[in-house]
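For reference, the structure discussed in these notes is given below.
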Amino acid sequence: MNELSEIPVHTKKLKATEKKHKQMEGELRNDRERLDFLLTSVPVVVYAAKTSGDFGATFVAGSSQALLGYKPEDFTSNSGFWAENIHPDDRERVFKELPLIFKRGHHIHEYRFRRADGTYRWMRDELNLVYDSKGNPIEMVGFWMDITEYKWADEELLESETKFRRVTEAAFGGIAVTEKGKFIDVSDQFAVLFGYRQNELIGMYAADLIASEARGETVEKIFSGYDKPYESLCLRKDGSTFPVEVCGKNYYSQGRELRVTAIRDITQRKIAEEEAKKLDRELEQKVLELTEVNRELDAFNYTVSHDLKAPLVIIGGFINRFLKKQGDNLNAKEKDMLNAIQEHTQKMERLIKDLLAFSRVGRQKIKPTEIDIGNLVTTVLDELEPLSEGRMIKYDIKTLPAAHGDQTLIKQVFINLLSNAIKFTTNKKTAIIEVGCLTEENENVYCVKDNGMGFNSQDSDKLFTVFQKLHGIEELEGSGVGLSIVQRIVKRHGGRVWAEGKVNEGASFYFSLPNKISGDS
């Protein structure tokens, strides 16, 4: 009786269980349909295969028809179907590598597979082992992906890179490929340039091969993708540096941004450029000197042929006249005439002497040595002492640093400047003559200063012109060549010369000389 009373309860439970089973069957059917849709729609072919023999497929997704032109049963009904359609050139390699899956549990390989239309496509095959509860492999599962387009792109890129490498290595000295500034490939020539083996460079950063003085600017160009040729300074393994010409270009390969760089050693070119620049500078200097010499020689020749003729004619005329008319009987007037002749003769001798000295200065070879300027000035003042006889002159000689130049010519500079200072202070009861110096980075600037007649500052440029004598000082002795000689000597030493002054307030003459030996000008 009790059992009969429980029948409705069991019936109710059975109906609930049946309903639940139907619900689960519906969900499983939906999941299966969803899975079938995914396996058919995705651009890969999911499969399962045996772990031995010909590794034939036991399951193949429906997407095989869209991808390869084969139905799933073409694979599952014929155990050797998969192996038979691998490209003959790839088949041996594939079966040789496939057992690696038993060591690692997974394997990836690439090979060509024949489609139903007879064409071969590159496939990427990724598979994993499935184990039973005891850890024994029971099945392989994986998927095939068509990577033909990627392979073609890689082959085209490789061919392009190979062609680029051949061309650029012919034009440059070496090629390297970097990723984020780190070498991933270098050519033989590149390694040789830097004194490394190829395997030593792989993994190194490009910045490690750049000299410190050029590193910042070059690294910036590398990481900014700069694609125009530029020059840099590189560092060899032995620590030596050498100039290079660099040309780089960024590109993408399999989603990676890489940079290919061609480099060429331009040491010889730089040496040639420096030699050319040096020759150009020397040639320019020689041209300037020659132009100046020619201009001054023209002036000299003109003077000799015209201006000097008149005094010579006067001298000759006076001498002949006195000899013919008076002989040994000379009166006072005739003696005055003879004195005039003598004065003109002496003046002419001085002029000719100064002109010859001026001409020699332009042609004399400079022999640079270190000059004790202080001792040189003392020597010059001793030699000029007769000029100051009977006068009150106070000399203020400052500390004078050594300079480099031709001692004979520099002595002439001080002779001319100091003799002028003595001469142009005759209007002063007490003359003051100062010699000083200001030291700069590569040169010393010397100064000869006096408190004499001075000159109008507007006429400063005329002072160094040959035969130029300023208004107001014509009556003083001199040919007007001395300062021209000073200017020529200083310029030949690579220096500068200039003057400052005021009328009746004195004059200052400045000139610069190198404090390091710079060679013959």
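Can you go through L279, L258 and tell me which one is closer than 30 Å to V490 by Cα and not β-branched (V, I, T)?
Just one listed residue meets the conditions, L279.
Taking the condition assigned by TED's automatic domain parsing to the domain that holds G53 and outside any helix (DSSP H, G or I), does D74 pass?
It is false that D74 is assigned by TED's automatic domain parsing to the domain that holds G53 and outside any helix (DSSP H, G or I).
Being closer than 25 Å to E441 by Cβ and of a type in the set (A, V, I, L, M) is the filter here, so list the residues in the range 385-414 that pass it.
Of everything in the range 385-414, those that are closer than 25 Å to E441 by Cβ and of a type in the set (A, V, I, L, M) turn out to be I397, L400, A402, A403, L409, I410, V413.
Residues being more than 28 Å from E155 (Cβ to Cβ) and assigned to a strand (DSSP E or B): count how many of those fall in the range 241-283.
Of the residues in the range 241-283, 8 are more than 28 Å from E155 (Cβ to Cβ) and assigned to a strand (DSSP E or B).
Assuming N78 fulfils every condition listed in (1) surrounded by fewer than 18 Cβ atoms within 10 Å (Cβ to Cβ); (2) of a type in the set (S, T, N, Q); (3) within 18 Å of G142 (Cβ to Cβ) apart from one, which condition is it?
Every listed condition holds for N78 apart from (3).
Provide a single number: the residues in the range 405-439 that are within 16 Å of Y510 (Cα to Cα), touching a residue at least 60 places away in the same chain (Cβ under 8 Å) and either outside any helix (DSSP H, G or I) or touching a Pro at 6+ places or on another chain (Cβ under 6 Å) (or both).
Of the residues in that region, 2 qualify.
If I filter the range 506-514 for residues that are modelled with pLDDT under 90 and surrounded by fewer than 21 Cβ atoms within 10 Å (Cβ to Cβ), do I get at least one hit?
So far as the range 506-514 goes, yes, one or more of its residues are modelled with pLDDT under 90 and surrounded by fewer than 21 Cβ atoms within 10 Å (Cβ to Cβ).
Those residues that are under 23 Å from F455 (Cα atoms) and either among the aromatic types (F, W, Y) or modelled with pLDDT of 90 or more (or both), I need them from the range 398-414; list them, please.
V413, F414
Could you list, in sequence order, all residues of the range 106-125 that are in contact with a Lys or Arg (Cβ under 6 Å, 6 or more places away or on another chain) and of a type in the set (S, T, Y)?
Correct list: Y120 only.
Would you list the strands (runs of 3 or more DSSP E) that sit entirely within the range 172-239 and hold 2 or more residues that are in contact (Cβ under 8 Å) with a residue 24 or more places away in the chain and under 15 Å from V260 (Cβ atoms)?
174-179, 182-186
Take W152 and decide whether it is among the aromatic types (F, W, Y) and at pLDDT 90 or above.
Against the criterion (among the aromatic types (F, W, Y) and at pLDDT 90 or above), W152 does not qualify.
Restricting the search to the range 81-101, which residues are surrounded by fewer than 13 Cβ atoms within 10 Å (Cβ to Cβ), touching a residue at least 12 places away in the same chain (Cβ under 8 Å) and not charged (D, E, K, R)?
none
The values are calculated or read from the model by the stated rules, or taken from the named source; none is laboratory data. This one's a predicted model, so the numbers in the text were calculated from it and none came from an experiment. Here the Cβ is made from the backbone with ideal geometry for all residues, glycine too, and neighbour counts use every protein chain on show.
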